1. Count neighbours as other Cβ atoms within 10 Å of each site's Cβ, and list the GluC sites (Glu not before Pro) in the range 1-104 that are DSSP loop with at most 11 such neighbours.
2. Tell me the relative contact order for the chain as a rounded percent, counting alpha carbon contacts under 8 Å between residues six or more apart.
3. So if each residue of separation counts as 0.36 nm, and I subtract the Cα-Cα distance between Gln117 and Arg139, what length gain in nm does that give?
4. Report, in listed order, any pair from Lys90/Lys181; Lys136/Lys181; Lys50/Lys181; Lys90/Lys169; Lys7/Lys50; Lys26/Lys184 with a Cα-Cα distance greater than 23 Å.
5. Taking the chain as the reference, fit the longest principal axis to its C-alpha atoms, fit the long axis of helix 149-170 to the helix C-alpha atoms, and give the angle between the two in degrees, 0 to 90, nearest 10.
6. Between Lys181 and Glu59, what FRET efficiency comes out of the Förster formula 1/(1 + (r/R0)^6) with R0 = 41 Å and r the beta carbon distance, rounded to 0.05?
7. How much length is gained on full extension from Arg204 to Lys7, taking 0.36 nm per residue of separation minus their Cα-Cα distance?
8. Would you work out the Kirkwood radius for the chain? I mean one over the mean of 1/r across all pairs of different Cα atoms, in Å.
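Just so it is clear, none of the values below were taken in a lab; they were calculated from the coordinates. Keep in mind the model is a prediction, meaning the values are calculated, not measured. Positions of Cβ are generated from backbone atoms using ideal geometry, with glycine treated the same way; all protein chains shown enter the neighbour counts.
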Amino acid sequence: MAELDQKRTLILEAALKRFKRYGLSKTTMEEIARDLEISKGSLYYYFSDKESIYVAVVERMIADCFIDMSAYVEQACEISQIIDRYLDLKETMLLEYHFLFGVNEWIKDVPSSLMRQTIELLQQVETAFLSATITKGIRTGELNPATDTALTAQLLVNVLFGLWVIWCKWQAAGFDPHDRKALKCFMDRERHVLTIFFNGLRYRP
């Protein structure tokens, strides 16, 4: 089992490099296999197609990025500290993994099913994280105890996703990870929305 997990990890690492350099559409199973110096048949033993590799890469990336966030939610003294860490994480994800989230896909009226699946994976993790953050705020008396935690977290994720889609349309010419001004503009909007949301949830006895 350990050997299988190790080989699977090597495949995902090789695929990530390919996706980063060439994108999904220009990456083939044959090229990934060649990078690993294995047969294409061996690659198919682990993954049925490159789309399943892509989803696995996204799952691994999200898990790696959020691995410390759950612990930080419990350690932080105030909601504002958690939000700051969350926004730092999202900025890092955009800079390092923007090619996985298909900025150009969201310019289209109907994004691909694969890209929708990718965003759904991220939204599930974000919803769980924000739900834990709200629960922490209620427990410490910072947020209103009457708050519907699950519903509020889901609504907040939906609003943030709306910002993402609008921003993608603004970046119709393509996302430039070196354009710090554009990225700062997007992150400032996320911060503003999060501030409005959590200010509205604060407990007022």
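1. Qualifying residues, ordered by number: Glu37.
2. The value is 21 percent.
3. 4.6 nm
4. Pairs exceeding the cut-off: Lys136/Lys181; Lys50/Lys181; Lys26/Lys184.
5. Roughly 60 degrees, rounded to the nearest 10.
6. Calculated value: 0.85.
7. That works out to 65.6 nm of additional length.
8. In the chain this quantity evaluates to 18.7 Å.
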